[in-house]
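Encoded as structure tokens, the structure appears first; notes follow it.
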Amino acid sequence: LPESELETGERERRAFLRLRPVTSAYQTTPIAEAFNWDEALADIESGEWYLVVFRSVRRTDANERNLTEFDDEAYAEALATGGLLCYFAGDLDAERKCVSFCVWRSREEAQRTALLPRHARAAQLAPSTYEWYVLDRYTIRKVPGRSEVIFERLAD
């Protein structure tokens, strides 16, 4: 990659790593309202990214050790692709609800990574780990001269 693209990518990665929940009920709050998006991306003038949000209710008998191990392996695999900018792994609330998300440089990079072996292996745990889960996908963007991050939910 050209130096300017590397610098932009690193600036974006650092910005997304500043994301923090702004409510203790972030597990059930709409994703655009649950985190400090505008603050975290304040020094990014413009850009467009792909966001995958995983909402779930964890089974009481879920194998936490396997879940952590497989999740860590899938994360390492995704990082190695270079397309993953941020991964947030949420905590369970009192009703075992959780939200996690990934921010990617592009939808295409996310889709390619989803086909890799460690990600596929982690995805196979879903039926035995969650009472229910849903994946929501968004394009998120910043436009020059505006401070707010814009979310566009994508159809499946």
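The values are calculated or read from the model by the stated rules, or taken from the named source; none is laboratory data. Predicted model only: the values in this text are computed from it and were never measured. For neighbour counting, all protein chains shown are included, and Cβ atoms are generated from backbone atoms with ideal geometry for every residue, glycine included.
Worth pointing out:
This table checks each residue for (1) within 19 Å of Trp132 (Cβ to Cβ); (2) acidic (Asp, Glu); (3) at pLDDT 95 or above; (4) in contact with a Ser or Thr (Cβ under 7 Å, 6 or more places away or on another chain).
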| residue | (1), (2), (3), (4) |
| --- | --- |
| Val57 | yes, no, yes, no |
| Glu64 | yes, yes, no, no |
| Glu73 | no, yes, no, no |
| Leu79 | no, no, no, no |
| Ala94 | yes, no, yes, no |
| Val99 | yes, no, yes, no |
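- As a summary of the residue check, Glu12 satisfies the conditions (1) within 18 Å of Leu115 (Cα to Cα); (2) surrounded by 18 or more Cβ atoms within 10 Å (Cβ to Cβ) except for the one numbered (1).
- Qualifying residues in the range 56-66 (those that are within 14 Å of Ala122 (Cβ to Cβ) and in contact with a strand residue (DSSP E or B) (Cβ under 8 Å, 6 or more places away or on another chain)) - the one surrounded by the fewest Cβ atoms within 10 Å (Cβ to Cβ): Ala62
- Selected residue [closer than 22 Å to Arg153 by Cα, β-branched (Val, Ile, Thr) and surrounded by 17 or more Cβ atoms within 10 Å (Cβ to Cβ)] from Val22, Val53: Val53
- Of the strands (runs of 3 or more DSSP E) lying entirely inside the range 69-156, those containing at least 3 residues that are surrounded by 19 or more Cβ atoms within 10 Å (Cβ to Cβ) are 84-89, 97-104, 130-142.
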